[in-house]
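Asker: The structure's right below; bear with me while I get my questions together.
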Amino acid sequence: MSDVVRASGTVHWIGAGLSTGSGLALLCDAAGRVRLWHRTEGRAAQALDHLGLTGRAQPRAFDLAALTAELVPGDVVVSMLPAPEHAALLAACVLRRAHFACSSYVSEAVLEQVPAAEKAGIVVLAEAGLDPGIDHLFAHSLVGRAQEAIGADTAASYSLTSYCGGVPAVPNDFRYRFSWAPAGVLGALRSPARYLEDGTETVAGRPWEATRPHVVDGETFEVYPNRDSVPFIEQYGLPAAWQPRTFVRGTLRLDGWLRAWEPVFEELKAGDDTRIAALARELAATYPTTEADHDRVVLAVSLDVRGDTGLTWSGSYLLDLVGDAEESAMARCVSRPLSLAVRHILTDDLPSGLNRAAETAQRSREWLSELAGEGLEFTLRVDR
């Protein structure tokens, strides 16, 4: 393993979409220099003005060659671009020995470059937003607390559920508010989900068909599995002596969402790519995201452990935030943990190679404490 390249103090934030929020302002306070790269320099300047950051960050017109030319060893590149574009940015970072950070899941294209990044001594930080991100912190913390109470070597069974969703703060007929591109939302619904239920591995080819009620703090929501939950059993460090009854990472929606979206599901079942692309555009036009309506983010992570001797432990985290006139809840919940993680790169606190949020219980608790200190509110409940 190469020594980590010391941070230069310069941060390049690429993209200023719906998830760019107050985390960027926190970076402007911590970094020596921040550059915001957007489609044009004018658009970047407008974004900075909207965020109240004019004069605190430098606007730039994004072009990969132009960015690469400005990178020096130890700079940090923060990608807010769609996940398929991360690999090209990471390649530029490896070439220039600049650190890389994003809030997205680790793709195969990014994973292939990790050995080269580690050899170059750079940090590759991913899954450091809301979901994935804060959900990882919650899960690591709960697993650590449960191990302290039950014992990692004690035979036990457990259920872990992690559900997250961006919904309208004031429910509408559609029971949804787009916080990212409709095409991405529809694409996710077309992707099979793998998870554990009743101790058995299960695959839902159409995730919405596995939707069920889920009560959070007395309120009923609808939840369904997404992506592949199974690899996170190892990622969260669940003891081998514990057997999973249920392990699901999924999406949370308002009660009534399943019925409201029936016409959309019929289109998805037909599987016509051209029609689905057109549907995404129609939904964007019919249900636009405006500054007048506010969003709500709900993230609920729970762990229940039953020891074979009768010892039990239950814990849960709940984040439930509503956006306001200054910032959407989604932008706050994605940008602040990502900003925190980048600040740990700036202080040379992370090792070279791949890092996913905070990957231990102790570090997760520290990061959660830092996020709480910066105004990101959540609650922890523990029953023994």
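The values are calculated or read from the model by the stated rules, or taken from the named source; none is laboratory data. Remember, it's a predicted structure, so these values are computed and weren't measured experimentally. Virtual Cβ from ideal backbone geometry, glycine too; neighbours counted across all protein chains shown. Calculation scope for accessible area: heavy atoms of the full protein, side chains included, ligands and nucleic acids excluded. Shrake-Rupley method; radii C 1.70, N 1.55, O 1.52, S 1.80 Å.
Asker: Can you work out D for segment 233-279 in µm² s⁻¹ from Stokes-Einstein, where Rh is the Kirkwood radius over C-alpha pairs, the temperature is 20 °C and the viscosity is 1.002 mPa s?
Answerer: In µm²/s, the coefficient rounds to 149.
Asker: Something else about it: As a test question: what accessible area, to the nearest 10 Å², does Cys102 have when a 1.4 Å probe is rolled over all protein chains in place?
Answerer: Around 0 Å² of this residue is reachable by solvent.
Asker: Report, in deg cm²/dmol and to the nearest 500, the calculated mean residue ellipticity at 222 nm for the chain, where each DSSP H run with n ≥ 4 adds -39500 (n - 2.57) and the sum is divided by the residue count.
Answerer: That comes out to -10000 deg cm²/dmol.
Asker: Now a separate question. For Cα pairs less than 8 Å apart in space and 6+ apart in sequence, what is the mean separation divided by the residue count of segment 1-150, i.e. the relative contact order in percent?
Answerer: About 23 percent, as a whole number.
Asker: Counting only protein heavy atoms and a 1.4 Å probe, tell me what percentage of segment 258-340's accessible area is made up of carbon and sulfur.
Answerer: Using a 1.4 Å probe with all protein chains present, segment 258-340 comes out at 49 percent carbon and sulfur.
Asker: If you plug each phi of segment 296-312 into the Karplus form 6.51 cos²θ - 1.76 cosθ + 1.60 with θ = phi - 60°, what whole-Hz ³J(HN,Hα) values come out, in order, with x for Gly and Pro?
Answerer: Listing the rounded values in order: 9, 10, 10, 10, 10, 10, 10, 9, 10, 10, 10, x, 5, 8, x, 6, 10 Hz.
Asker: Taking 0.36 nm per intervening residue step and subtracting the Cα-Cα distance, what contour gain separates Ala372 from Lys119 on full extension?
Answerer: Fully extending the segment from Ala372 to Lys119 adds 87.6 nm.
Asker: Return the whole-Å distance between the Cα centroid of segment 139-172 and the Cα centroid of segment 1-37.
Answerer: 30 Å
Asker: Can you give the local net charge around Gly323? Use residues other than it whose beta-carbon is closer than 10 angstrom to its beta-carbon, Lys and Arg +1, Asp and Glu -1.
Answerer: Neighbourhood net charge equals -3.
Asker: While we're on this one: Once you keep just the Cα pairs under 8 angstrom separated by 6 or more residues, what percentage relative contact order results for the chain?
Answerer: 24 percent
Asker: Kindly report, to the nearest 10 Å², the accessible surface of Asp348 as traced by a 1.4 Å probe over protein heavy atoms only.
Answerer: 60 Å²
Asker: Considering only C-alpha atoms, what is the centroid distance from segment 338-384 to segment 237-258, in Å?
Answerer: Cα centres, segment 338-384 to segment 237-258: 22 Å.
Asker: For the full complex of protein chains and a 1.4 angstrom probe, list Val305, Val170, Val230, Val215 by accessible area with the highest value first.
Answerer: Solvent-accessible surface, decreasing: Val170, Val215, Val230, Val305.
Asker: Rolling a 1.4 Å sphere over the protein heavy atoms, what is the accessible area per residue of segment 124-188, to the nearest Å²?
Answerer: For segment 124-188, the solvent-accessible area averages 28 Å² per residue.
Asker: If you don't mind, there's one more thing I want to ask. How many angstrom separate the Cα center of segment 178-196 from the Cα center of segment 91-133?
Answerer: Going from one Cα centre to the other spans 23 Å.
Asker: If you count only protein heavy atoms and use a 1.4 Å probe, how large is the accessible surface of Trp367, to the nearest 10 Å²?
Answerer: Result for Trp367: roughly 10 Å² accessible.
Asker: Amide H to amide H under 5 Å from Leu125: which residues, 5+ apart in sequence or cross-chain, H placed 1.01 Å off N in plane?
Answerer: Placed amide hydrogens put Phe100, Ala101, Cys102, Asn355 under 5 Å from Leu125.
Asker: A follow-up question, please. Using a 1.4 Å probe and counting only protein heavy atoms, arrange Ser157, Ser352 so the residue with the most accessible area comes first.
Answerer: Ranked list, largest accessible area first: Ser157, Ser352.
Asker: For the chain, give the magnitude of the charge dipole about the Cα centre (Cβ charges: +1 Lys/Arg, -1 Asp/Glu; no others), in debye to the nearest 20.
Answerer: Dipole size: approximately 520 debye.
Asker: Ok, one more. For Lys269 and Arg206, calculate 0.36 nm times their separation in residues minus their Cα-Cα distance, and state this gained length in nm to one decimal.
Answerer: So the extension gain works out to 21.8 nm.
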